[in-house]
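The values are calculated or read from the model by the stated rules, or taken from the named source; none is laboratory data. All values derive from a computational prediction rather than experimental measurement. Positions of Cβ are generated from backbone atoms using ideal geometry, with glycine treated the same way; all protein chains shown enter the neighbour counts.
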């Protein structure tokens with residue numbers, strides 16, 4: 001048997017030699033450098049990823065910030081009209097290759113826009129011997145032009161374009177249609193010449209208005225009836241006169257709306273007159289209003305005929321709404337003024353599908369304006385001569401301007417997102433059909449001529465509302481539970497409670513949203529008194545049990561191990577909740593006449609089944625694990641010598657919690673709350689399934705909301721790529737990202753200050 005070495009030298013040194021130490025230092029240095037650079041690189045990659053997300057979102061939003069433009073591209077003498085028979089109306093078709101000119105004498109010329117060459121010419125039908133004395137148009141999307149004649153008759157024509165592809169080449173063939181037949185209809189039975197006309201297609205047929213040479217206003221309603229087999233037909237209808245303008249004022253302009261109920265007249269005395277003309281027996285002047293903006297020189301309806309645009313000899317451009325008051329009476333109300341043109345307004349050309357329009361003045365300037373955003377988009381000088389006619393294409397990419405020298409000017413237009421401005425996104429907007437300015441999100445509508453309402457205020461408030469009620473539910477439970485678990489609970493019980501709560505964070509939020517929308521919402525609706533009873537009686541029960549426990553003899557209390565006292569509360573809490581739910585129907589009968597929901601409604605408190613209360617509870621459960629886990633770690637990691645020193649100095653455990661643990665753990669608790677808030681702000685599925693998704697603007701706990709994240713999830717799949725709606729949704733995502741970034745940045749600043757303040761304890 002060999003002998004074991006008896007001395008250290010014989011056994012060998014336990015310390016590494018110089019060569020080994022050098023090798024170990026190199027390895028450690030390599031590992032330290034690898035860790036340092038690895039962590040730094042990962043951090044930079046995170047920052048880079050966030051920057052790329054921001055850049056991508058901003059790239060989709062950037063077109064909203066681009067200014068509109070009018071760029072003249074060509075001009076030439078317009079040979080199809082002359083001073084003896086000037087153009088009274090210009091049209092540009094959707095492919096922006098062909099235009100149409102309706103002359104004052106009743107000639108309709110279709111021409112190539114780029115060359116000015118005539119393609120086709122039509123003569124507006126009329127009675128023998130009659131001459132055209134007036135011409136006017138409907139809103140652009142109806143494509144109607146009405147000619148008034150010297151014998152009191154009216155012809156209504158409609159431009160048409162047929163599309164074909166011979167030899168795989170697009171061919172647009174123009175034509176004229178006659179909605180009331182080729183024979184003119186009689187507006188004035190007395191045969192007086194018409195010096196002004198107006199036309200609009202309504203659900204009940206065609207509405208035509210006119211003014212005779214002796215200033216009499218006439219309104220006619222006509223309908224074309226088809227033959228049995230769809231061929232042939234006859235026109236039926238009649239006309240009647242409406243009250244004359246007060247004070248002998250002369251009619252200068254008139255327009256009719258698409259409902260067939262209202263007539264707007266501008267006179268020669270800087271006044272507007274608003275008529276109700278739905279029936280002959282009820283035709284009346286509703287009101288006369290001073291324009292307060294000078295003499296009206298141009299008067300047009302925007303598409304939808306709910307708002308009127310007036311231009312004056314002072315260059316002012318303003319928008320007026322037809323508004324129904326609380327007494328179900330309609331009034332014409334000035335809503336907004338746009339930027340003035342340098343000269344007197346000569347013509348207004350509304351857009352086909354949007355609430356925008358172009359206006360020209362007598363100094364050769366053209367301006368683009370938009371109603372919803374209250375924007376003067378651009379004013380551009382096109383010519384030095386007064387502009388007589390304007391035409392916008394249906395897709396708003398090209399503009400025609402005809403000056404008094406019969407020279408046609410062609411301009412390229414960029415005007416993709418005129419409805420978006422800072423005011424339309426973040427301020428109250430007075431929308432058509434509304435009685436007052438409001439915050440509204442309604443990106444789409446059943447009517448094509450309805451204006452988009454894209455205020456981000458209801459969505460932002462909805463996001464904060466959902467987060468507020470969720471945090472109101474989650475913060476007390478999460479933070480208080482974390483304090484008790486970390487400081488008062490036994491390690492064995494903590495080892496069960498903490499992992500159980502943290503596992504809740506892995507629960508899919510779609511499950512919580514499903515349960516909230518289909519089970520929790522109806523349950524709360526049927527047991528509303530129980531909700532408020534639980535809020536009152538549950539704390540009372542807990543205090544009563546705690547007081548009773550403190551009064552028990554120590555021999556009994558000693559049977560419960562320290563740190564397990566909370567288990568005693570489980571049964572009283574469950575019994576209290578059950579009792580509140582069981583008594584809820586009786587409480588409704590005793591105090592709320594059998595229905596608390598109806599009682600709330602009677603007291604002007606709206607109640608939606610899926611509301612902020614449901615969201616607060618459901619999303620609170622989703623946020624609690626985040627807050628609890630981080631806050632519990634912060635409390636548990638408070639140095640023991642601090643708590644032991646406090647207890648040694650005579651402080652109670654609760655005094656130690658308040659005076660030592662909470663200040664020391666405050667950075668971690670604050671981070672937990674902010675992390676929970678960030679989770680609540682960005683939550684999608686729960687609010688999507690449990691709120692009703694109504695973009696209302698209030699903090700009523702019994703009403704729903706729509707959040708930024710839920711709105712993006714709902715509407716983005718159905719919107720057209722590159723549209724204004726599409727880009728505003730990306731803007732909403734950018735706002736959400738910015739909100740989260742700002743909140744987290746402020747939270748980190750506050751956390752660092754708290755950490756610095758209490759780090760020396």
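Values as computed for the structure displayed
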| quantity | calculated |
| --- | --- |
| The one condition in (1) touching a residue at least 40 places away in the same chain (Cβ under 8 Å); (2) farther than 19 Å from residue 472 by Cβ; (3) in contact with a helix residue (DSSP H, G or I) (Cβ under 8 Å, 6 or more places away or on another chain); (4) buried (at least 17 other Cβ atoms within 10 Å of the Cβ) that residue 692 fails to fulfil | (3) |
| Criterion (assigned to a loop (DSSP other than H, G, I, E, B), in the same structural domain as residue 319 (by TED's automatic domain parsing) and at negative phi) met by exactly one of 417, 409 | 417 |
| Residue in the range 711-740 that is surrounded by the fewest Cβ atoms within 10 Å (Cβ to Cβ), counting only those that are under 21 Å from residue 513 (Cβ atoms) and touching a residue at least 60 places away in the same chain (Cβ under 8 Å) | 740 |
| Options 362, 326; residue that is assigned by TED's automatic domain parsing to the domain that holds residue 421, touching a strand residue (DSSP E or B) at 6+ places or on another chain (Cβ under 8 Å) and more than 22 Å from residue 415 (Cα to Cα) | 362 |
| Residues of the range 482-514 classified as surrounded by fewer than 11 Cβ atoms within 10 Å (Cβ to Cβ) and not in a helix (DSSP H, G or I), total | 2 |
| Meets criteria (touching a strand residue (DSSP E or B) at 6+ places or on another chain (Cβ under 6 Å) and crowded, with 17+ Cβ neighbours inside 10 Å) for residue 283 | no |
| From 627, 721, 686, residue being out of contact with any strand residue (DSSP E or B) (no Cβ under 6 Å at 6 or more places or on another chain) and assigned to a loop (DSSP other than H, G, I, E, B) | 721 |
| Unique match (being part of a helix (DSSP H, G or I) and under 30 Å from residue 662 (Cβ atoms)) among 425, 477 | 477 |
| Residue that is surrounded by 14 or more Cβ atoms within 10 Å (Cβ to Cβ), over 25 Å from residue 491 (Cα atoms), in the same structural domain as residue 684 (by TED's automatic domain parsing) and within 48 Å of the chain's Cα centre (by Cα), where the choices are 520, 575 | 520 |
| Any chance residue 659 is without any contact (Cβ under 8 Å) to a residue 24 or more places away in the chain and either buried (at least 20 other Cβ atoms within 10 Å of the Cβ) or out of contact with any helix residue (DSSP H, G or I) (no Cβ under 9 Å at 6 or more places or on another chain) (or both) | no |
| Which listed residue, of 610, 557, is assigned by TED's automatic domain parsing to the domain that holds residue 500 and either surrounded by 15 or more Cβ atoms within 10 Å (Cβ to Cβ) or modelled with pLDDT of 85 or more (or both) | 610 |
| Odd one out for residue 646 among (1) in contact (Cβ under 8 Å) with a residue 60 or more places away in the chain; (2) surrounded by fewer than 21 Cβ atoms within 10 Å (Cβ to Cβ); (3) within 30 Å of residue 756 (Cα to Cα) | (1) |
| Selected residue [under 30 Å from residue 726 (Cβ atoms) and outside any helix (DSSP H, G or I)] from 83, 60, 96 | 96 |
| Any hit, the range 620-639, residues being crowded, with 16+ Cβ neighbours inside 10 Å, on the phi < 0 side of the Ramachandran plot and at pLDDT below 85 | yes |
| Matching residues in the range 516-529 - criterion: being part of a helix (DSSP H, G or I) and under 23 Å from residue 585 (Cβ atoms) | 516, 518, 519, 520, 521, 522, 523, 524, 525, 526, 528, 529 |
| Looking only at the range 125-141, and only at residues there that are in a loop (DSSP other than H, G, I, E, B) and without any contact (Cβ under 8 Å) to a residue 40 or more places away in the chain, the one that is nearest to the chain's Cα centre (by Cα) | 131 |
| Test for residue 672: is it under 23 Å from residue 615 (Cα atoms), out of contact with any strand residue (DSSP E or B) (no Cβ under 6 Å at 6 or more places or on another chain) and assigned to a helix (DSSP H, G or I) | yes |
| Given (1) touching a helix residue (DSSP H, G or I) at 6+ places or on another chain (Cβ under 8 Å); (2) part of a helix (DSSP H, G or I); (3) surrounded by fewer than 17 Cβ atoms within 10 Å (Cβ to Cβ); (4) modelled with pLDDT of 85 or more, number of the condition residue 743 does not satisfy | (4) |
| Unique match (being under 21 Å from residue 297 (Cβ atoms), surrounded by fewer than 16 Cβ atoms within 10 Å (Cβ to Cβ) and within 43 Å of the chain's Cα centre (by Cα)) among 268, 177 | 268 |
